[in-house]
Amino acid sequence: MTITINTRILFHPVTGVQRYLLELLQRMSAGGIQQIAPQHPLSGARAHLWEQTVLPLRTQGHLLWSPSNTGPLAVSKQVVTIHDLSPMDHPEWLNPRFAAWYRFLTPKLARRVARVITDSEFTKSRLLETTGVSDDKVIVVPLGVDARFVPQGREQVESSIHKLGLPTNRYVLSLGSLEPRKNLGRLLRAWEVIYRSLPEDVWLVVSGAKGKSLVFQDVPELEALLPPRVFLTGHVPDELLPSLYAGAMAFAYLSVYEGFGLPPLEAMASGTPTLVGNRASLPEVVGDAAVQVAPFDIEAIADGLHRLIEDASLRAVLREKGLERAGQFNWSKTAEQTWRVLAEAAGD
């Protein structure tokens with residue numbers, strides 16, 4: 001059995017969907033896999049044109065796995081992973097052309113292919129509601145957490161703090177692509193509410209690169225005057241992420257829309273108490289191992305942050321619960337379940 005995999009996204013910097021594919025490729029049998037990608041990096045309309053015209057010819061009748069929300073409509077012998085339905089649910093957050101393309105493509109693709117994989121029950125429910133695809137065609141396969149996200153020694157943490165130029169070793173971390181759904185504006189306003197009541201060496205550290213203009217609308221909060229004691233790191237090199245997570249007093253992820261939400265899981269695996277928004281897929285990922293607040297309520301966010309920073313016993317409880325919860329998710333299990341879906345589709 002040969003399974004072809006659309007790997008064009010690996011030309012781009014590593015964010016959530018690239019990490020998903022890389023983790024699974026490491027764990028799948030290379031003997032039964034053929035990776036297909038353009039000869040040169042492509043983006044925007046040129047990438048989608050290649051996918052719709054060249055990719056179908058290169059599959060040569062084998063099953064195709066498209067792991068990143070998109071795939072060729074001409075190939076019915078295909079499994080597509082749809083990570084979220086943001087173009088359908090929130091086109092206002094996205095570049096209008098990008099949103100329009102996916103609003104056209106997603107329903108047709110979901111109905112056309114042999115199977116659809118989603119990361120969460122939330123995304124499956126949204127897919128069923130927006131595309132009319134049959135329930136038994138959509139399989140939920142939760143994501144995993146990399147084994148390198150574990151509690152770190154003080155020396156490793158201090159090294160990362162120094163390399164990133166952080167102003168303190170007592171910080172609340174917020175990490176993710178800087179795009180509208182990540183809800184950065186309300187997090188900053190909540191921080192402005194509470195920072196005066198906190199010890200002066202406690203800062204909010206915001207990490208992440210700005211979303212691509214081809215995909216995301218602007219995040220105006222970054223252009224405005226930041227509250228005091230907020231430090232922007234920009235993109236964090238992958239090798240420094242485990243220590244950055246592990247060194248934080250708490251991790252804040254107030255996203256209002258996620259298909260899964262890897263960062264809270266990585267933070268919990270690192271032993272860091274976590275605060276999340278209680279919307280979309282995040283409650284099913286964190287369970288009772290994190291503080292959940294309404295992400296549109298600035299006072300609720302402020303209260304959640306304040307509790308985590310000031311209550312050492314709460315942090316200790318959440319640290320243990322978070323480690324246990326994160327232990328239920330691993331990439332080997334994700335790869336095994338994904339391969340089973342691919343094998344079944346190939347055998348149909």
Completion exercise
Those residues of region 106-115 that are in a helix (DSSP H, G or I) and crowded, with 20+ Cβ neighbours inside 10 Å come to a total of 3
Practice task
Might you check whether a residue that is part of a helix (DSSP H, G or I), hydrophobic (A, V, I, L, M, F, W, C) and open to solvent by 40 Å² or more (accessible area, probe 1.4 Å) occurs anywhere in region 324-338?
Solution key: no
Practice task
Give region 89-102 a look and list any residue that's under 22 Å from Arg279 (Cα atoms), surrounded by fewer than 19 Cβ atoms within 10 Å (Cβ to Cβ) and without any contact (Cβ under 8 Å) to a residue 60 or more places away in the chain, or say none.
Solution key: Pro91
Exercise for the section: Working only within region 270-294, note down all residues that are among the hydrophobic types (A, V, I, L, M, F, W, C) and open to solvent by 10 Å² or more (accessible area, probe 1.4 Å). Expected result: Ala280, Ala290, Val291, Val293, Ala294
Handout entry: Qualifying residues in region 116-145 (those that are in a loop (DSSP other than H, G, I, E, B) and open to solvent by less than 30 Å² (accessible area, probe 1.4 Å)) - the one farthest from Pro264 (Cα to Cα)
Key = Val133
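Residues being aliphatic (A, V, I, L, M) and in contact with a Ser or Thr (Cβ under 7 Å, 6 or more places away or on another chain): count how many of those fall in region 141-172.
Here the count works out to 5.
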Handout entry: Qualifying residues in region 227-262 (those that are under 21 Å from Arg148 (Cβ atoms) and polar (S, T, N, Q)) - the one most open to solvent (accessible area, probe 1.4 Å)
Key = Thr233
Practice task
Can you work out which of the residues in region 208-218 that are closer than 24 Å to Arg229 by Cβ and open to solvent by 40 Å² or more (accessible area, probe 1.4 Å) is modelled with the lowest pLDDT?
Solution key: Lys210
Completion exercise
Out of (1) modelled with pLDDT of 95 or more; (2) more than 21 Å from the chain's Cα centre (by Cα); (3) not small (Gly, Ala, Ser), the one Phe231 does not meet is (1)
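In region 63-88, what residues are surrounded by 20 or more Cβ atoms within 10 Å (Cβ to Cβ) and in a loop (DSSP other than H, G, I, E, B)?
Pro67, Ser68, Asn69, Thr70, Gly71, Pro72, Val75, His83, Asp84, Leu85
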Practice task
Give region 163-207 a look and list any residue that's of a type in the set (Phe, Trp, Tyr), open to solvent by less than 20 Å² (accessible area, probe 1.4 Å) and more than 24 Å from Asp238 (Cβ to Cβ), or say none.
Solution key: Trp191
Exercise for the section: Could you grab the pairs with beta carbons closer than 8 Å, sequence gap of 6+ or different chains, first residue in region 135-155 and in contact (Cβ under 8 Å) with a residue 24 or more places away in the chain, second one open to solvent by 50 Å² or more (accessible area, probe 1.4 Å) and not in a helix (DSSP H, G or I)? Expected result: Gly144/Asn330; Val145/Asn330; Ala147/Asn330
Practice task
Go over the candidates Ala302, Ala316 one by one and state the one that is without any contact (Cβ under 8 Å) to a residue 24 or more places away in the chain, open to solvent by less than 60 Å² (accessible area, probe 1.4 Å) and not in a loop (DSSP other than H, G, I, E, B).
Solution key: Ala316
Exercise for the section: Please work out if Gly31 is touching a residue at least 40 places away in the same chain (Cβ under 8 Å), small (Gly, Ala, Ser) and farther than 21 Å from Ser120 by Cα. Expected result: no
Problem - Number of positions in region 1-57 that are closer than 19 Å to Gly144 by Cα, open to solvent by less than 40 Å² (accessible area, probe 1.4 Å) and not in a helix (DSSP H, G or I) - result: 1
Practice task
All but one of (1) more than 21 Å from the chain's Cα centre (by Cα); (2) polar (S, T, N, Q); (3) at positive phi hold for Asn183, so report the exception by its number.
Solution key: (1)
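The values are calculated or read from the model by the stated rules, or taken from the named source; none is laboratory data. Just so you know, these numbers come straight off a predicted model, no measurement behind them. A quick note on method: Cβ atoms are made from the backbone with ideal geometry, for glycine too, and the neighbour counts reach across all protein chains shown. Heavy atoms of the whole protein, side chains included, go into the accessibility calculation; ligands, DNA and RNA do not. Shrake-Rupley method; radii C 1.70, N 1.55, O 1.52, S 1.80 Å.
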